[in-house]
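Here the structure is laid out as structure tokens; the discussion comes afterwards.
Bear in mind these aren't lab numbers, they're just calculated from the coordinates by the rules spelled out. None of these values were measured; they are calculated from a predicted model. Here the Cβ positions follow ideal geometry from the backbone for every residue, glycine too, while neighbour counts run over all protein chains shown.
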Amino acid sequence: MQTRSAISILTARQVVVIACLSGVLSMTSPVHAEGVDPANPESVTDLNAAAVAPAKLIERMAVALHTLNYEGIFVHAQGTNLNTLHIVHASNADGEFERLIALDGEAREVIRNNSLVTCIWPGTQSVVVSQIKPRDVLPRVDASLATNLRYEFSYEKPDRVAGKATHVVNVIPRDKYRYGYRFWIDKDNAMLLRSKLLDGPNNPVEQVIFTQIEYPDTVDTGRFDVLKRGRGKEVVSWLEPKNKAAASNLEARHSEQADRVGFSSLPEGYGKVSETYSPAHAREASMSHVMLSDGMASVSVYIEYLPATDHVEATLGLSRMGAMNAFGVSTESALITAVGEVPEATVKAIAAAVTLAQ
């Protein structure tokens, strides 16, 4: 099989943000687990493995990721690529904030202010602002996980990560259409300290592990400011407009609701989460984006409305980058690409099942 970067099959709209965020831990969607107040992480009290079912513990972990203040250093391993990053995360009455700084390779930073994502390349003094959701290194978990019949859950022997005692939970898929997971969860507060994405019982395709972590009571929100100034001038150039009105226009351009995309069939458990439509803009074709999920794994489907004569052959077929698989299909009127951190059988089945409204 010829291996290509999954990024290469995406349009320019996604490439700039994904390139910025590739290899970076991004925040997952908030989860309101049963019996847990997401505004009060202290409500996560009883983390005794004998008292908490493993699926419920994962739900509490998802809440902790969003509601705790934390700062630390983690390593992200994808295939043979290793990246070390510093993270600062805060949650308060104004929302959720995060700053990621790459400690090796090209200098880059990612700042998340609720839904607004800002990518900074200090070396070139450039900034990109976007409302497009970044990829998730950690899986998104919702409250339905506890009864998700596509996975089995079990405890492993307890372990230690970054000097802290952890529970270890396995999430095992029942079929070929999803990866498995192993989570190391802080016994004191349910924070995720290590994760493995598994293609089979013992074949990790992606890992994240904290080497240092602290849980401050408060975090100064000034640490999430984007601009630094020197001699009265901005030291970065903005590749997307920085004012709120422009950011709102950017969000609107990517959020027109539509019901243009259907599926003849889907792998069991997967369903449509959202669909957006972007009209043709400048030199770019109109495009639909559909998000699918089974409650753990997620797949994006991009449909570029282009005649077959404009499709690039290199974008077709299967490509892989670490845990991410992508599959491109050409039709007479559109280029269809399914991409996600799922097995290749999943993206193939989903791309082949797309139906378009006439």
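Counting alpha carbon pairs within less than 8 Å and at least 6 residues apart, what relative contact order, in whole percent, applies to region 250-356?
24
Is there a pair in K187/K348; K196/K348; K56/K164 whose C-alpha atoms are over 30 Å apart, and which pairs would that be?
Pairs exceeding 30 Å: K187/K348.
Using a cut-off of 10 Å between beta-carbons, work out the net charge of the residues near I213 (Lys and Arg +1, Asp and Glu -1, I213 not included).
Around I213, the charge tally is -2.
Compute the distance in nm between two label points, each set 7 Å from the Cα along the Cα-to-Cβ direction, one at N202 and one at S115.
About 4.5 nm, to one decimal.
Describe numerically, in nm with one decimal, the distance between label points set 7 Å from Cα along Cα→Cβ at S333 and at D175.
Placing both labels 7 Å beyond Cα along the Cβ direction yields 3.0 nm.
Would you tally the net charge around E275, using a Cβ to Cβ cut-off of less than 9 Å, leaving E275 out, and scoring K and R as +1, D and E as -1?
Computed value for this residue: +1.
Test of understanding: ordering T337, T118 by Cβ neighbours within 10 Å, fewest first, what list do you get?
Ordered from fewest to most neighbouring Cβ atoms within 10 Å, T337, T118 come out as T118, T337.
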